Amino acid sequence: MRTALVLLLLLALAAVPGSLVPQQERQPAQAADFRRNNPDLSNVLDTLGVFNVFATPWFAAVYLLLFVSLAGCIVPRCGQYLRALRAHPPTAPRVLSRLPEHTYWIAPAADADDALRAAVDVLRGRRFRVAAGPGGDGWVAAEKGYLREAGNLVFHLALFGMLVALAIGNLFGTTGQKLILQGDGFTNTSTQYDDFTPGTLATGDDLEPFSFRLKSFHAAYQPTGPQRGTASAFEARISYTAAEGATPRDARVRVNEPLEVNGTKVFLVSHGYAPVVTVRDGKGDVAWKGPVAFLPQDNNLRSVGVVKAPDAVDAKGRPDQLGFTGLFLPTVQLDANGWVSTFPAPDDPVLVLTAYHGDLGMNSGIPQNVYQLDTERATQFRNADGTPYAKALRPGDRMTLPDGAGSLSFDGIRQWAGFQVARDPSNGTALWSSVAMGAGLCASLFVRRRRVWVRVRPHTGTDTSSGIEIEVAGLERGSSDRLGEEVGEIAAELRVRTLAACHDTSNSRTQERP
Amino acid sequence: MNSNSLADQTLAQLSNWLMYSAIAVYLMAFLAACAEWAFGNTGRIARASATDPAGSVARDDEPSAPVGGTTPGSTSVLVPTSTTVRRKAPPGGHGAAGDSPRADVLGRTSVSLTLLAFVLHAGSIVTRGLSVARPPWGNMYEFSTAFALAAVGAYLAVLALRKNVRWLAVPILLSVLLTLGLAVTILYVDSAQLVPALHSYWLWIHVSAAIVSGGVFHIGAVVTLLFIGRDRWEAAVAKGRAGGRLATVWGRLPSAGSLDKLSYRLNVLVFPLWTFAVIAGAVWAEAAWGRYWGWDPKETWAFITWVAYAAYLHARATAGWKGRRAACLGLIAFSTFVFNYYGVNIFITGLHSYGGLPTK
């Protein structure tokens, strides 16, 4: 127990850094910020694995040791418990009066065997497990509350169930993220995901073959008050087919209300805007046209994004890739901090862009992040005075690049929604383990295990010739006020029974008081 | 969608007035409880035993009533149940008032005022909930007030269960006043709709379980703290020393044994509920985010709290950890709960960051 206790404390302690330092997997952006701000500290933390605490060997070591120590404790206890289930309640101690709860009285003119039988009845009636000793110096032993230990064992075994669920989830679960523009569709294959993380033993080949199309996305925000701009509802209306060739069905996906298709769930996790732009190159041809998803940076959906036109040519027809980077502000305001958005709905949308040309690395064959512009070998367009060329556009506006390099027109806005698609085969195991944990915990904390003994022996008083002495005593691990009451009740019941028995057998005799 | 009708605004306003009234009445109850301590005394027996520790014998509990005394018929030797005396300790005190009737009246007044304040407080939370037609625990202001209500409710419940725990009034009311003071000043936000993440019936289940657990854990922690004080005092008295500057306080508290038992019972009672709160949170997380456990800071700290309380329960049954060491673990466990609320909501960003605090 002492080992387990120390390991429990160690486990709690080991989890702390995971909440204080941003975790790489969960909050990559914050983790990157943290690394930037504390480069020296980050090196140390990296060696210790503090950016991914819950997957580090030392964290695993703590909980695995805890489970080993738990197994070492639980397995023998299961054996003991099974033996205890088959065994009789233990023989009455020699001196019952030493027990914490004890009472006795003298019943004149009562028969010892009758009294013992009555004791067995009373205790059985109270659902005790009863064993009687041999006659003569007779006793009855009774025990109750076996569920306490059973609950304790179930609780600890359920913890192993949790561990198994954790392992199944990590090995066979799959999750993936996909950003979908309004009107676009998605088919559940690993190649279609923006980001796909299969479990260690999951291949990603046997994904549920469903597909869906985002018909529309709706968001509502608090228009006034101190929480102005806080979202009050998000809803993605989709049309999905559960399998290839199945009839399409409509569904609504909201936060907290995922779409479930044969065990795979589709969650709505994010949303944003995609400005629709047309890029023309130096020859006036359309080099790129379409919506470009911008990624939100704050609650008012100030978003950043890039537009790339890899096939653009300059006025003379030579390849000259065009790239734009900037902000999208749904409700614009220009203040001392620069361009900000004051409300998440597109009430006064503005696209602020600056532009680059040259080699944007898009023909290098190296996969690029679609949300970033590689400007290392590119040149930024500049105004006559040398400041970077930038322009704020409202829908319908057009920015013409210097030196006839081309133009970009802001045609409109579309919305996008981000979905997380997850399949976790361990959900059932985890749920049932936790139910068993709860039930076992309640049984182990609230069921009282106690023993009661009744001993009957001939009374050797000074004045009475016949009569018996009846003792009732109780024992419970960890004292409780209720044991006293219970022993009292048993004694009272038994007393009434022995009294009745003695009335039946000896009607003629009058009761004496010693 | 956004029902900011006049009736709702009136209800929200009413809720705020009720909250301020409740705070005023809690303050009066607190002052009455303080006065009870000030005008009360240690009690004759306790004083005698404190001056002559060797001469007194004490028991942890009152003797249980003789059993079967009224059954008609024969018999008769009834012995009171035996109780073993483990160490010579001064007897449990009679509470804050001691044997002063004047102080007792003050203590009773404090309880009546607490009850009145509790009703006002509950009214404030109900009207707040009605004004927005949702469970009133969607931001830190609402959670704090509900948590304080649960703590007072737990105190009144223990009081109603025949237990004389009026000595709890001062620490409980103090922390309730601090919590509510913080809630109405720094954490306050006007009543409003919830963010979509909170649109779920799990809000009722998960958050209310956490609130009730918090309230009872709080009482448990206060009792644990008092146990440590009383236990040290008993140890000092057993060695023949006076017991320090706060001896008059410790002398009036129940015996260390019964304080320990009470705190254990409170914690044990609510530990399964806290387990349930964590599990319900995991189920909700599965429905909202697609995974039941993701080591979000809130989840991590809920886990740490759970493990700390589990350690406390194990320590109680481990030789060498019983008594004050286990009690310290209980306090650490409660402090992780408090950190999970204030610390994680304010200082750490995570998926549970919808405290509604104005951003810096």
> Within the range A:382-404, which residues are small (Gly, Ala, Ser) and at positive phi?
Replying inline: A:Gly386, A:Gly396, A:Gly404
>> Quick check on the range B:186-199. Is at least one of its residues away from chain A (no Cβ under 13 Å) and surrounded by fewer than 24 Cβ atoms within 10 Å (Cβ to Cβ)?
In response: yes
> Within the set of pairs 6 or more residues apart or between chains, which connect a residue that is over 19 Å from A:Pro198 (Cβ atoms) inside the range A:149-169 to a residue that is aromatic (Phe, Trp, Tyr) and part of a helix (DSSP H, G or I) with Cβ atoms less than 8 Å apart?
Replying inline: A:Glu149/A:Tyr81; A:Ala150/A:Tyr81; A:Leu153/A:Tyr81; A:Leu159/A:Phe67; A:Phe160/A:Phe67; A:Gly161/A:Trp432; A:Leu163/A:Tyr63; A:Leu163/A:Phe67
> Counting only residues that are more than 24 Å from A:Ala87 (Cβ to Cβ), out of contact with any Pro (no Cβ under 8 Å at 6 or more places or on another chain) and not acidic (Asp, Glu), which one in the range A:103-145 is surrounded by the most Cβ atoms within 10 Å (Cβ to Cβ)?
Replying inline: A:Ala110
>> Suppose the filter is under 30 Å from B:Ala319 (Cα atoms) and at the interface with chain B (Cβ under 10 Å from one of its Cβ atoms); does A:Leu20 pass it?
In response: no
> How about the range A:26-39: which of its residues are within 27 Å of A:Gly176 (Cβ to Cβ) and more than 9 Å from chain B (Cβ to nearest Cβ)?
Replying inline: A:Pro28, A:Ala29, A:Ala31, A:Ala32, A:Asp33, A:Phe34, A:Arg35
> Given the structure, is A:Gly284 among the small types (Gly, Ala, Ser), surrounded by fewer than 21 Cβ atoms within 10 Å (Cβ to Cβ) and touching an Asp or Glu at 6+ places or on another chain (Cβ under 8 Å)?
Replying inline: no
>> I need a count of the residues in the range A:201-247 that are among the hydrophobic types (A, V, I, L, M, F, W, C), more than 19 Å from B:Ser200 (Cβ to Cβ) and in a strand (DSSP E or B).
In response: 4
> For B:Ala310, are the conditions met, namely being more than 7 Å from every other protein chain (Cβ to nearest Cβ), under 19 Å from the mean Cα position of the chain (by Cα) and of a type in the set (Gly, Ala, Ser)?
Replying inline: no
> Which of the residues that make up the range A:209-232 are within 14 Å of another protein chain (Cβ to nearest Cβ) and either surrounded by 17 or more Cβ atoms within 10 Å (Cβ to Cβ) or modelled with pLDDT of 90 or more (or both)?
Replying inline: A:Phe217, A:His218, A:Ala219, A:Tyr221, A:Gln222, A:Gln227, A:Gly229, A:Thr230, A:Ala231, A:Ser232
> Mind checking which residues of the range A:21-45 are touching a helix residue (DSSP H, G or I) at 6+ places or on another chain (Cβ under 7 Å), in a helix (DSSP H, G or I) and of a type in the set (S, T, N, Q)?
Replying inline: A:Ser42
> Out of all the residues in the range A:99-124, which are over 14 Å from A:Val472 (Cβ atoms) and free of Cβ contacts under 8 Å to residues at least 60 places away in the same chain?
Replying inline: A:Asp113, A:Arg117, A:Arg124
>> Please go through (1) touching a residue at least 24 places away in the same chain (Cβ under 8 Å); (2) of a type outside the set (Lys, Arg); (3) in contact with a Lys or Arg (Cβ under 9 Å, 6 or more places away or on another chain) for A:Glu244 and return the number of the only condition it doesn't satisfy.
In response: (3)
>> So if I check each of B:Ala277, B:Ala210, B:Ala221, B:Ala235, which one is touching a His at 6+ places or on another chain (Cβ under 9 Å), assigned to a helix (DSSP H, G or I) and within 26 Å of B:Lys163 (Cβ to Cβ)?
In response: B:Ala277
> Among the residues of the range B:286-302, how many are within 16 Å of A:Arg254 (Cβ to Cβ) and either more than 7 Å from chain A (Cβ to nearest Cβ) or part of a helix (DSSP H, G or I) (or both)?
Replying inline: 4
>> Checking the structure you have, find out if any residue of the range A:38-56 is in contact with a strand residue (DSSP E or B) (Cβ under 7 Å, 6 or more places away or on another chain), of a type in the set (Phe, Trp, Tyr) and surrounded by 15 or more Cβ atoms within 10 Å (Cβ to Cβ).
In response: no
> Is the range A:180-195 home to any residue that is over 26 Å from A:Pro346 (Cα atoms), assigned to a helix (DSSP H, G or I) and touching a Leu at 6+ places or on another chain (Cβ under 7 Å)?
Replying inline: yes
> Of these, A:Val487, A:Val452, A:Val456, which one is at pLDDT 90 or above and not in a helix (DSSP H, G or I)?
Replying inline: A:Val452
>> If I ask for residues that are more than 11 Å from chain B (Cβ to nearest Cβ), assigned to a loop (DSSP other than H, G, I, E, B) and modelled with pLDDT of 90 or more, which ones from the range A:248-266 would you list?
In response: A:Pro248
> closer than 21 Å to A:Val6 by Cα and of a type in the set (Gly, Ala, Ser) - does that describe any residue in the range A:71-89?
Replying inline: yes
> Which residues, taken from the range A:318-339, are within 9 Å of A:Leu301 (Cα to Cα) and aliphatic (A, V, I, L, M)?
Replying inline: A:Leu329
> Quick one: in the range A:1-15, which of the residues that are more than 7 Å from chain B (Cβ to nearest Cβ) and either in contact with a helix residue (DSSP H, G or I) (Cβ under 8 Å, 6 or more places away or on another chain) or touching a residue at least 40 places away in the same chain (Cβ under 8 Å) (or both) is farthest from B:Gly294 (Cα to Cα)?
Replying inline: A:Thr3
> Within the range B:286-307, can one find any residue that is of a type in the set (S, T, N, Q) and under 24 Å from A:Asp424 (Cα atoms)?
Replying inline: yes
> Out of B:Val152, B:Val158, B:Val126, B:Val119, which single residue is crowded, with 23+ Cβ neighbours inside 10 Å and β-branched (Val, Ile, Thr)?
Replying inline: B:Val152
>> Every residue in the range B:182-214 that is more than 20 Å from B:Thr127 (Cβ to Cβ) and within 21 Å of the chain's Cα centre (by Cα), please.
In response: B:Leu182, B:Ile205, B:His206, B:Ala209, B:Ala210, B:Val212, B:Ser213, B:Gly214
> Residue check: is A:Ala293 closer than 24 Å to A:Ile413 by Cβ, modelled with pLDDT of 90 or more and part of a loop (DSSP other than H, G, I, E, B)?
Replying inline: yes
> Yes or no: B:Arg241 among the charged types (D, E, K, R), surrounded by fewer than 24 Cβ atoms within 10 Å (Cβ to Cβ) and not in a helix (DSSP H, G or I)?
Replying inline: yes
> How many of the residues in the range B:240-281 are among the basic types (Lys, Arg) and either within 11 Å of chain A (Cβ to nearest Cβ) or in contact (Cβ under 8 Å) with a residue 60 or more places away in the chain (or both)?
Replying inline: 3
>> Scan the range B:320-329 and tell me whether some residue there is within 15 Å of B:Ile304 (Cβ to Cβ), crowded, with 16+ Cβ neighbours inside 10 Å and at pLDDT 80 or above.
In response: yes
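The values are calculated or read from the model by the stated rules, or taken from the named source; none is laboratory data. Bear in mind that the values here come from a model prediction, so they are computed numbers and not experimental data. Glycine gets a Cβ as well: all are built from the backbone with ideal geometry, and neighbour counts include every protein chain shown.
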